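I have placed the structure first, in the form of structure tokens, so that the comments after it can refer back to it.
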């Protein structure tokens with residue numbers, strides 16, 4: 001049975017803060033290259049990765065559009081006129 005979140009004495013789950021790591025630990029792990037995250041922690045690197053992904057996806061769309069492998073939505077056709 002799950003603990004009632006309103007029950008402050010519940011021992012089923014830790015306080016949320018207990019699951020977090022300290023800023024000092026983040027800095028130490030990051031400096032050692034051991035901060036295992038699925039996203040980049042640097043703004044420039046993150047934006048570069050996202051822009052690269054966007055460019056890849058747009059290239060796929062461009063290839064399909066050149067082949068006309070899929071019907072173009074009427075609203076897009078109107079916008080292009």
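Among the residues of region 25-41, which ones are surrounded by 11 or more Cβ atoms within 10 Å (Cβ to Cβ) and more than 13 Å from the chain's Cα centre (by Cα)?
The answer is 25, 26, 27, 28, 29, 30, 35.
Go through 34, 30 for me and flag whichever is assigned to a loop (DSSP other than H, G, I, E, B) and at pLDDT 85 or above.
Selected residue: 34, the only one of 34, 30 that is assigned to a loop (DSSP other than H, G, I, E, B) and at pLDDT 85 or above.
What number of residues within region 43-75 satisfy the criterion of being loosely packed, with under 10 Cβ neighbours inside 10 Å and outside any helix (DSSP H, G or I)?
Number satisfying all stated conditions: 5.
Quick one: is residue 78 part of a helix (DSSP H, G or I), surrounded by fewer than 10 Cβ atoms within 10 Å (Cβ to Cβ) and either under 22 Å from the mean Cα position of the chain (by Cα) or modelled with pLDDT of 75 or more (or both)?
Considered against the rule, which asks whether it is part of a helix (DSSP H, G or I), surrounded by fewer than 10 Cβ atoms within 10 Å (Cβ to Cβ) and either under 22 Å from the mean Cα position of the chain (by Cα) or modelled with pLDDT of 75 or more (or both), residue 78 comes out as yes.
The values are calculated or read from the model by the stated rules, or taken from the named source; none is laboratory data. Note that the coordinates shown come from a computational prediction; the quantities given were computed from them, not determined experimentally. Every residue, glycine among them, receives a Cβ derived from its backbone with ideal geometry; neighbour counts consider all protein chains shown.
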